[in-house]
């Protein structure tokens, strides 16, 4: 674990942080001295993570990021308890796989509401608080937002939106003293990818497309998030940082259709 202390006295919200990448990010910020707000729809899962962190520097705010009123709630509770907001990490996300012509309206709504609207609502709600602190936003997008996956068209669309939102908002928010960047992971260990990691043939195919020869770990994404939120990145905004083991510089991700 890092011995850095870049976030002492600062407050960070991490959505979708009761497990996987989000939990890794929350733990990284906590280890560097931050006050951390843990979020997911399950309060019980949030409490499990919070129970392993410093109680005085941890707040649980469970709820659904796809609801605009929740965005206002989590920002309000964070600033009420800790006095300020310095970083928002939009990590909460879902994926639905399959052929687009077989997707239901509910499939589309679920992904777009959480992955796109949720990010928009949280960014909108956080801007006034971040303006006060000269804070930053880190969006967790995906290599799927710059390339494509054969059976993830809705997810591709949602992460493409996050990728381009990050570029566009950087133009607006820079004038307010707020930085915004995104991270584009490739295959990274989490509950979302259990269907891949549990398939030996598919994992072998993935490894052929990852030059570094391994999948990502939550700690890999967490380190990048902490850097982008820190003063070490004070002149970086509007960047979509690939943390993907080289996938984006190779021939891309495998064709999932071969494994259906």
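Within segment 75-106, how many residues are assigned to a helix (DSSP H, G or I), surrounded by fewer than 16 Cβ atoms within 10 Å (Cβ to Cβ), touching a residue at least 12 places away in the same chain (Cβ under 8 Å) and touching a helix residue (DSSP H, G or I) at 6+ places or on another chain (Cβ under 9 Å)? Before the answer, list the steps.
The first filter runs over segment 75-106 and keeps only residues assigned to a helix (DSSP H, G or I), leaving 75-82, 100-102, 105-106.
Then drop every residue that is not surrounded by fewer than 16 Cβ atoms within 10 Å (Cβ to Cβ), which leaves 76, 80-81, 100-102, 105-106.
Pick out the ones that are also touching a residue at least 12 places away in the same chain (Cβ under 8 Å) and you get 81, 100.
Subsequent filtering for residues that are touching a helix residue (DSSP H, G or I) at 6+ places or on another chain (Cβ under 9 Å) retains 100.
Qualifying residue count, segment 75-106: 1.
So residue 192 passes all but one of these: (1) assigned to a loop (DSSP other than H, G, I, E, B); (2) under 17 Å from the mean Cα position of the chain (by Cα); (3) modelled with pLDDT under 95. Which condition number does it fail? For residue 192, the failing item is (1).
Which of the residues belonging to segment 164-183 are surrounded by 19 or more Cβ atoms within 10 Å (Cβ to Cβ) and either at pLDDT below 95 or not in a strand (DSSP E or B) (or both)?
Initial filter on segment 164-183 (surrounded by 19 or more Cβ atoms within 10 Å (Cβ to Cβ)): 165-166, 169-170, 173, 178-183.
Once the filter is applied, which keeps residues that are surrounded by 19 or more Cβ atoms within 10 Å (Cβ to Cβ) and either at pLDDT below 95 or not in a strand (DSSP E or B) (or both), segment 164-183 yields 165, 166, 169, 170, 173, 178.
When residues of segment 50-74 are filtered for being part of a helix (DSSP H, G or I), touching a residue at least 24 places away in the same chain (Cβ under 8 Å) and more than 17 Å from the chain's Cα centre (by Cα), how many remain? Residues in segment 50-74 being part of a helix (DSSP H, G or I), touching a residue at least 24 places away in the same chain (Cβ under 8 Å) and more than 17 Å from the chain's Cα centre (by Cα): 4 in total. Taken together, the residues in segment 1-18 that are more than 16 Å from residue 122 (Cα to Cα) and at pLDDT 95 or above amount to 6.
Here are 205, 225: which of them is part of a helix (DSSP H, G or I) and either at pLDDT below 95 or more than 30 Å from residue 5 (Cα to Cα) (or both)? Can you show your working first?
On the way: 225 fails: either at pLDDT below 95 or more than 30 Å from residue 5 (Cα to Cα) (or both).
Residue meeting the stated conditions: 205.
One residue stands out among those in segment 228-250 that are closer than 16 Å to residue 28 by Cβ and buried (at least 16 other Cβ atoms within 10 Å of the Cβ): the one that is modelled with the lowest pLDDT, which is 243. With the structure loaded, tell me whether residue 149 is in a loop (DSSP other than H, G, I, E, B) and either buried (at least 17 other Cβ atoms within 10 Å of the Cβ) or in contact with a strand residue (DSSP E or B) (Cβ under 7 Å, 6 or more places away or on another chain) (or both) or whether it fails that test. The answer is yes for residue 149.
The values are calculated or read from the model by the stated rules, or taken from the named source; none is laboratory data. No experiment lies behind these values; they were computed from the predicted model shown. Positions of Cβ are generated from backbone atoms using ideal geometry, with glycine treated the same way; all protein chains shown enter the neighbour counts.
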